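Only one structure is covered here, and it is reproduced in the block below.
The values are calculated or read from the model by the stated rules, or taken from the named source; none is laboratory data. Bear in mind that the values here come from a model prediction, so they are computed numbers and not experimental data. Neighbour counts are summed over all protein chains in view; Cβ atoms, including those assigned to glycine, are modelled from backbone coordinates with ideal geometry.
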Amino acid sequence: MRIASLVLAAGRSSRMGLRNKLLEPVGGESMIRRVAAIAIAGGAQPVIVVTGYEAASVGAALHGLGVTVILNLEYADGLSTSLRAGVSALPADIDGALILLGDMPEVEASVLSALMASFTGMSAICVPVRHGRRGNPVLWGSRYFPEMMELTGDFGAKPLMAQHEAQLIEVEVATDSIFHDVDAPEDLARIRQAGTAG
């Protein structure tokens, strides 16, 4: 089965003030480069990064990684527009796609590998779980791509998960990183205090 990675990296990071969080240093490299590198290490190909806000700078931060960078011109209309842009860019023969958020730089490649190992085909939805709580990223079978193309607003695919509960495969992981996103300066400070960021 062929699985791709979609990294959603188009948002305005408005809660960070004037700083674009995706360009902030994490572990000696920009946050978005770190997330893209994690996607590559997970093994799903191709890795497609959806940019929007400050697209030129975000794209430059990914230079040399071997990822496909696409531009979502409608990024100001919310997360769903990036999801639609990413799904539209997937090769036709893809069986599933890992949806990664560009502001989750602590996710480990082992989580991606575990999700892929649990994937049973185009009707599966594999979600990482820790202590009974679901996190990100999520591996979606291609059966759900048409429904993703109908999403609107500042939401990802989470509403679809509730509609397809019977198809969910919960994958137990041994890390809290599946919950850690960077929305505000204090989130970035937490990562730096933990020694992850440089």
Among the residues of the range 57-78, is there at least one that is surrounded by fewer than 21 Cβ atoms within 10 Å (Cβ to Cβ) and either in contact with a His (Cβ under 6 Å, 6 or more places away or on another chain) or within 14 Å of Ala157 (Cβ to Cβ) (or both)? yes
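To keep it simple, each residue is scored yes or no on (1) basic (Lys, Arg); (2) under 24 Å from Ala184 (Cβ atoms).
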site	(1), (2)
Leu101	no, yes
Pro105	no, yes
Ala109	no, no
Ala114	no, no
Ala124	no, no
Val127	no, no
Pro137	no, yes
Arg143	yes, no
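State all residues of the range 97-123 that are at negative phi and more than 13 Å from the chain's Cα centre (by Cα); if no residue qualifies, say none.
Matches in the range 97-123: Ser110, Ser113, Ala114, Leu115, Met116, Ala117, Ser118, Phe119, Thr120, Met122, Ser123.
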Residues in the range 44-74 that are more than 13 Å from Val7 (Cα to Cα) and either under 14 Å from the mean Cα position of the chain (by Cα) or in contact (Cβ under 8 Å) with a residue 24 or more places away in the chain (or both): how many? 7
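Residue by residue, here is whether (1) out of contact with any Phe, Trp or Tyr (no Cβ under 9 Å at 6 or more places or on another chain); (2) at pLDDT 95 or above holds:
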residue	(1), (2)
Leu100	yes, yes
Asp103	yes, no
Glu108	yes, no
His131	yes, yes
Met148	no, yes
Ala162	yes, no
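For the range 96-141, which positions are among the hydroxyl-bearing types (Ser, Thr, Tyr) and crowded, with 22+ Cβ neighbours inside 10 Å? Let's see the steps before the verdict.
Narrowing the range 96-141 to residues among the hydroxyl-bearing types (Ser, Thr, Tyr): 110, 113, 118, 120, 123.
Across the range 96-141, there are no qualifying residues.
Within the range 164-189, take every residue that is loosely packed, with under 12 Cβ neighbours inside 10 Å and without any contact (Cβ under 8 Å) to a residue 12 or more places away in the chain and give me the one that is farthest from the chain's Cα centre (by Cα).
The residue in question is Ala166.
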Complete set of residues in the range 142-163 that are surrounded by fewer than 17 Cβ atoms within 10 Å (Cβ to Cβ) and either among the acidic types (Asp, Glu) or under 11 Å from Ser80 (Cβ atoms) (or both): Glu147, Met149, Glu150, Thr152, Gly153, Asp154, Phe155, Lys158, Pro159
Examine the range 181-194 for a residue that is under 22 Å from Glu74 (Cβ atoms), among the hydrophobic types (A, V, I, L, M, F, W, C) and not in a helix (DSSP H, G or I), and state whether such a residue exists. no
Of the conditions (1) at pLDDT 95 or above; (2) under 25 Å from Asp187 (Cβ atoms); (3) surrounded by 21 or more Cβ atoms within 10 Å (Cβ to Cβ), the single one that Gly11 does not satisfy is (1)
Any residue that is in contact with a Cys (Cβ under 9 Å, 6 or more places away or on another chain) and of a type in the set (A, V, I, L, M) - is there at least one of those in the range 131-153? yes
In this structure, does Ala85 turn out to be out of contact with any Cys (no Cβ under 9 Å at 6 or more places or on another chain) and either crowded, with 20+ Cβ neighbours inside 10 Å or not basic (Lys, Arg) (or both)? yes
